[in-house]
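Here the structure is laid out as structure tokens; the discussion comes afterwards.
The values are calculated or read from the model by the stated rules, or taken from the named source; none is laboratory data. As the structure is a computational prediction, the values presented were derived from the model and not from experiment. Here the Cβ positions follow ideal geometry from the backbone for every residue, glycine too, while neighbour counts run over all protein chains shown. Side chains are part of the model used for accessible areas, which takes the heavy atoms of the whole protein and leaves out ligands, DNA and RNA. Shrake-Rupley method; radii C 1.70, N 1.55, O 1.52, S 1.80 Å.
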Amino acid sequence: MSQVLIGTEKGLFQLASNNQVIRDESAPPTIKFLATSHGQVYALTLDDVLWSKKENEAWEIVNSKPVTEEVWSFAADSHVLERVYIGVSPALLYQSNDGGKNWKPCDSIRQIPGYETWTFPPPPHIPHVRSIASAPKAENGIYIGVEEGGIFRSDDQGQTWESLNEGLYWDVHTVVPANDGLRLYATTGNGFYRSDDGGHHWRHIKDGLERSYTVPCIASLQQPNLLFTAAAAGPPPTWGRGTNAALYRSLDGGEHWQKLEQGLPSKFDAMIRALIVDPEDRIFAAAGDELYMSQDLGESWQLLGKDLSNIRALAVV
């Protein structure tokens, strides 16, 4: 069975076979991001130290400061071993081909038409790369989602970029490519969007999503039309007294959504920051200090941990 990792502001935890949450004492002291690929795990700490761990080996520090900018996203390439990405503010993507030891910026992003118009609501209005995803059918293909700027695709390791924004709200939080290589899903500050032609055209879908500030989104590995997302009633400036967030499921590729409630709070006061699905189709959701799991495709949920010191990331290895 796959191993579920829980990254928190006070270290890394693992889910044992009896569903107990156990601290990994040998892991990095804090976790901001986790990424896995080809059996290797990468962790970026709150102070941006990059660690990695190969299967059956110990954790080690790979790079004490991979980038100097503020990090907003982190991912491992699903195709190429030891290819890793970091998204930063101001909006730029960095790539490493040696497991994080050395990094190079994709300066071509600054040449994307309209780059100078990208923004971010809070002053000083500096945009960032918030989402990174490998293209399922292209070894050198990658998508980035910019908050606020839209979605862009490169098929040549970031040398050139194609804008994929017709009909899309440009405040992008997460981009999720489906395994067919054509369908794309996106969460934004204005809800959920779907493209059926590789991102060239988008539809805004609201059926069942009464909350509009969508953030995480995942698709089942086994059932491509099974999606999960989480949404708050409004953007972060409204979260002072709680986010009023909820978890949603779609059985038809995002055409219709259902709020999930059995075993969950009627509304979440902390935003659901992370969602993952493992190869057994177990679904995990993290909100604040709490971790929930569903073993029946989201029909019912159980609380696995409630004092996990602000869960920042989830991963499966």
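Right, G253: within 19 Å of P29 (Cα to Cα) and either in contact with a Gly (Cβ under 9 Å, 6 or more places away or on another chain) or not acidic (D, E) (or both) or not? Against the criterion (within 19 Å of P29 (Cα to Cα) and either in contact with a Gly (Cβ under 9 Å, 6 or more places away or on another chain) or not acidic (D, E) (or both)), G253 does not qualify. Before we move on, is R153 open to solvent by 50 Å² or more (accessible area, probe 1.4 Å) and among the basic types (K, R)? So R153 fails the test. If you go through the stretch 156-176 and keep only what is open to solvent by less than 10 Å² (accessible area, probe 1.4 Å) and either modelled with pLDDT of 95 or more or hydrophobic (A, V, I, L, M, F, W, C) (or both), you end up with L164, V172, H173, V175. Here the condition is being part of a loop (DSSP other than H, G, I, E, B), more than 26 Å from A315 (Cα to Cα), without any contact (Cβ under 8 Å) to a residue 40 or more places away in the chain and out of contact with any His (no Cβ under 7 Å at 6 or more places or on another chain); of L168, L182, it holds for L168 alone. If you go through the stretch 190-203 and keep only what is touching a His at 6+ places or on another chain (Cβ under 8 Å) and either assigned to a strand (DSSP E or B) or open to solvent by less than 20 Å² (accessible area, probe 1.4 Å) (or both), you end up with G191, F192, Y193, S195.
Residues in the stretch 72-103 that are in contact with an Asp or Glu (Cβ under 6 Å, 6 or more places away or on another chain) and closer than 19 Å to L46 by Cβ: V88, S89. Taken together, the residues in the stretch 1-48 that are of a type in the set (D, E, K, R) and either touching a Cys at 6+ places or on another chain (Cβ under 6 Å) or in contact (Cβ under 8 Å) with a residue 60 or more places away in the chain (or both) amount to 3.
Being under 18 Å from S309 (Cα atoms) and free of Cβ contacts under 8 Å to residues at least 24 places away in the same chain is the filter here; which residues of the stretch 290-299 pass it? Listed by number, the list holds a single entry, E290. Scanning the stretch 121-137 for residues that are without any contact (Cβ under 8 Å) to a residue 60 or more places away in the chain, touching a Gly at 6+ places or on another chain (Cβ under 9 Å) and open to solvent by 20 Å² or more (accessible area, probe 1.4 Å) turns up R130, I132, S134, P136, K137.
Against the conditions (1) closer than 16 Å to Q40 by Cβ; (2) open to solvent by 50 Å² or more (accessible area, probe 1.4 Å); (3) not in a loop (DSSP other than H, G, I, E, B), R110 satisfies every one except (1). Pairs meeting the criteria (first residue in the stretch 231-243 and closer than 16 Å to T174 by Cα, second residue in a loop (DSSP other than H, G, I, E, B) and among the hydroxyl-bearing types (S, T, Y), beta carbons under 7 Å, at least 6 apart or on different chains) are A231/S212; A232/T243.
Of the residues that sit in the stretch 41-77 and are at pLDDT below 95 and under 21 Å from P279 (Cβ atoms), which one is farthest from the chain's Cα centre (by Cα)? If you could, list the steps in order and put the result at the bottom.
To start, the set of residues in the stretch 41-77 that are at pLDDT below 95 comprises 54-58.
With the extra rule that they be under 21 Å from P279 (Cβ atoms), the set shrinks to 54-56.
On the way: K54: 22, E55: 23, N56: 26 Å.
Here the residue is N56.
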